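This report concerns only the one structure given below.
Just so you know, all these numbers are worked out from the coordinates, no wet-lab data involved. It should be emphasised that the depicted structure is a prediction, and the values quoted were computed from it without experimental measurement. For neighbour counting, all protein chains shown are included, and Cβ atoms are generated from backbone atoms with ideal geometry for every residue, glycine included.
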Amino acid sequence: MIRIPLAAVIGLFLTSTYFLVAIFAPYIAPYGMAEIVGDVWEPMSIEHWLGTDNIGRDLLTRMIYGARTTIAVATFATLVSFVIGSVLGFTAAVFGGWVDQALSRFVDLIMSIPSLIFALVVLSVMPVTLPVLILVMGLLDSTRVYRLSRAVAVDIYVMDYVEAAKLRGEGRGWIIFRELLPNALSPLVAEMGLRFIFMVLTISTLSFLGLGVQPPNAEWGLIVKENKDGIVYGIGAALWPALSIATLAISVNLVADWVLTRTTSLKGGRE
Amino acid sequence: MSHIVDIRDLRIEATVRPPGEKSKQITIVDGVSYQIESGKVLGLIGESGAGKSTIGLAAMAYGRGSVEITGGEVLVKGTNILEGGVAALHELRGQTITYVAQSAAAAFNPAKQLMTQVTEAALAHGLMSKAEAEARAVSLFKQLGLPNPETIGSRYPHQVSGGQLQRVMTAMALCPKPELIIFDEPTTALDVTTQIDVLAAIKRAIRDTGVAAIYITHDLAVVAQISDDIMVLRHGKTVEYGTTDAIINHPKEDYTTALVNVRSIEHAEAEPTPEFLLQAQNITARYQGAEFDVLRDVSVEVARGQTLAIVGESGSGKSTLARVITGLLPAAQGALSFDGRTLSRDLAGRSREDLRELQMIYQMADVAMNPRQTVGTIIGRPLAFYFGLKGEEKRRRVQELLDLIEMGSGFMDRYPAELSGGQKQRVCIARALAADPKLIICDEVTSALDPLVAHGILKLLLKLQAEKGLAYLFITHDLAAVTAIADSIAVMYQGKLQRYGPKSQVLSPPFDDYTDLLLSSVPQMRLGWLEDVIETRKMESAGN
């Protein structure tokens with residue numbers, strides 16, 4: 001029986017709740033996603049737990065469908081950025097020389113442009129669909145992952161056990177996936193929690209600016225945008241997405257911390 | 001009572017917090033008592049984990065990290081300092097009792113001049129004026145035999161050698177005129193030829209100033225040169241406590257006897273044979289971007305089934321030679337041949353057979369094994385890689401190898417972190433054996449281990465050589481290990497071969513100056529050795 005610390009239990013509970021809600025949104029949501037069910041900005045009630053939004057849609061429903069879009073985009077974009085970033089980072093570390101130089105300088109070039117501005121430019125000339133969003137966000141963010149995984153891999157690459165593998169005649173595939181990767185996982189997992197949250201913030205920001213998810217689809221940043229005028233009149237509808245982003249950020253990082261302590265334990269990550 | 005320090009029934013505990021488990025208290029020192037009179041030196045000796053540093057630091061009531069003194073008394077000049085509170089300890093530390101750390105390079109602040117750091121304690125305690133403290137520091141530099149004592153204080157830590165820095169730290173400890181100095185392995189990180197000078201300087205300084213000292217080390221031969229009394233420790237308990245003469249010449253306990261006799265492996269030299277397994281001819285090598293050759297025109301041969309030992313101090317090029325032979329650093333010039341065939345200089349140009357027959361064991365077993373792989377995976381990989389063994393067959397062969405390195409069952413599924421230092425090195429040996437090699441390069445394989453554990457590894461290597469006809473290229477700075485294992489010896493100095501031949505020939509006079517220095521610098525397990533050497537040797541260490 002593994003004992004899980006309280007913080008991790010809370011993190012796991014909240015994170016899995018968010019993900020389950022996202023996955024089963026159509027079954028949980030009390031109303032249709034774009035269905036107008038009441039007046040503008042109705043207060044909380046039994047029928048509408050969080051009230052209604054700026055055009056009379058049920059806010060809870062919007063939030064649930066918003067979770068679906070936000071979490072899906074953030075998850076897939078994180079996966080894209082980690083797969084591309086870490087593979088390129090490890091490749092640069094293992095091959096070294098001009099391969100490393102070319103990749104690193106190219107990444108420096110991309111990183112020298114503020115990524116939000118870059119995303120805005122790209123999205124303004126491309127059709128804004130979910131796959132495009134995921135790809136653009138994932139590619140831009142993979143530069144950060146590249147930096148981290150290259151730095152970690154360079155450290156590990158000089159270890160005697162990697163040298164021993166080279167002397168044995170092992171190919172680069174073995175060295176990358178069996179010697180480097182298992183030892184680089186801890187920092188990468190910790191980073192993954194952080195990057196996921198940045199993804200959530202990025203997609204929300206893009207939607208808020210009008211270049212992300214398009215209405216009538218729901219997305220947390222979009223919900224903030226739609227309801228921001230209500231704040232002036234003391235209507236807090238725009239604050240719910242903010243609260244969700246905050247709790248999701250904290251709970252994901254609680255889980256990441258827990259995974260990190262487990263993988264850095266003395267027994268090589270298995271108990 | 002003239003006791004500076006009187007420690008009674010000391011008990012020290014530490015809190016450990018293993019990840020994922022509840023923190024718990026473990027006892028690291030139990031029931032240790034000792035006294036030091038003024039002007040006397042007590043040697044604390046034991047293997048790593050024996051609690052010797054902890055016990056030494058307890059004399060100033062200091063515990064590292066989560067270490068706490070939970071029982072007993074620490075009387076300094078009759079007062080129990082455990083009850084005195086922080087202010088009293090502050091008075092005591094750096095004034096009555098000072099400390100010399102193992103790694104001088106890590107203990108100095110790289111951003112400050114040496115003089116500032118040497119005089120810091122004396123000034124902080126208001127013991128003397130700045131001018132007085134500096135004058136004292138200069139006289140201490142002189143006493144400790146440092147070059148340019150007048151100006152060396154204005155240098156920064158990186159501008160002096162390791163041996164000098166260790167002596168500067170001794171000056172720092174002596175500066176506030178303490179009554180007791182704690183030396184925590186002050187010469188362990190130094191080359192053997194440098195160690196002897198630092199040791200002599202420390203001994204002279206102790207004698208001249210009349211300060212008492214605690215000298216912590218794992219090397220009994222070193223402590224025998226410097227202390228009046230010796231306490232042998234193991235697992236936090238006293239094994240034996242007595243005068244140096246009694247411990248060295250008449251040890252009572254088995255453990256002490258084993259420590260005294262640790263350097264007594266004898267290995268008769270094998271007949272020289274013209275049948276060479278490995279030949280390296282006129283090797284010259286340099287690192288990328290460097291402007292000088294690390295190896296210059298080095299030629300050595302390893303005979304089939306025999307051991308060639310390569311000795312020299314750090315920077316002599318002995319590890320570089322190993323890298324050249326393995327192909328990790330392709331030689332700039334020269335030729336390699338192995339088992340009658342030409343060996344590519346570059347690793348990429350070697351066949352799988354070349355790689356298999358030439359294995360390597362590293363100094364730091366900790367980093368030579370992937371921490372995320374089990375012992376079974378680590379040893380099993382060469383079996384799968386070279387011989388295509390799988391499943392049950394592979395497991396059986398791994399177990400055979402574990403038996404061969406005298407580790408038995410139950411280790412197969414453990415991770416390296418769950419092994420002791422000696423066990424880790426044994427697993428590395430098993431991994432090399434798994435490839436069924438003809439030659440194993442041993443790069444300082446015993447120097448990170450405690451003497452008794454190193455002794456066990458050497459015996460194992462000899463046994464394997466006898467059973468399997470292995471040849472070793474044994475790289476070390478430890479001449480005691482060389483006498484124990486070698487058939488022929490190559491002495492390296494500044495990238496060149498200084499002396500090369502069969503063991504008996506290399507180790508018998510007449511010596512060239514460097515070989516003489518190297519041979520005479522190996523601490524011997526007898527009293528008065530240090531004085532004899534300092535008087536009779538022909539040249540001083542380069543690190544001096």
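Quick notes on this structure:
- Additional length obtainable on full extension of the chain from B:R64 to B:L462, 0.36 nm per residue less Cα span: 139.3 nm
- Potential lengthening between B:S508 and B:H125 on full extension [0.36 nm per residue; Cα-Cα distance subtracted]: 132.5 nm
- Distance between modelled label sites at B:A335 and B:L452, nm, 7 Å Cα→Cβ extension: 5.1 nm
- Inter-probe distance in nm under a simple model that places probes 7 Å from Cα toward Cβ, at A:W174 and B:F292: 3.9 nm
- As a rough guide to protection, the peptides B:210-216, B:367-373 ranked by mean Cβ packing within 10 Å, highest first, stand as B:210-216, B:367-373.
- Long-range Cα-Cα pairs in chain B (distance over 40 Å), rounded percent: 31 percent
- Proximal aspartates and glutamates relative to B:K24, as straight alpha-carbon distance under 12 Å, when same-chain residues fewer than 8 apart are discounted: B:E13
- Other residues with beta-carbon under 11 Å from the beta-carbon of B:A268 carry, at +1 per Lys or Arg and -1 per Asp or Glu, a net charge of -3.
- Taking only the Cα atoms of the range B:96-211, the radius of gyration and Dmax are 12.7, 38 Å.
- Remark: mean inter-chain Cβ contacts per residue of B:379-387 equal 2, using a 10 Å Cβ-Cβ cutoff to other protein chain atoms.
- Candidate cross-link partners of B:K130 among the aspartates and glutamates, defined by an alpha-carbon separation under 13 Å and a same-chain spacing of 8 or more, comprise B:E120.
- Environment charge of A:W220, counting only residues whose C-beta is closer than 15 Å and scoring Lys/Arg +1, Asp/Glu -1: +2
- Residues whose amide H lies under 5 Å from that of A:M33, counting only those 5 or more places away or on a different chain, are absent; hydrogens are built 1.01 Å from N in the peptide plane.
- Extension gain (nm, one decimal) between A:L243 and A:E47, 0.36 nm per residue minus Cα-Cα: 68.4 nm
- Principal axes of the protein assembly as shown: Cα extent on each, largest first, Å: 103, 73, 52
- Cβ-defined net charge surrounding B:Q288, 15 Å radius [Lys, Arg +1; Asp, Glu -1]: -1
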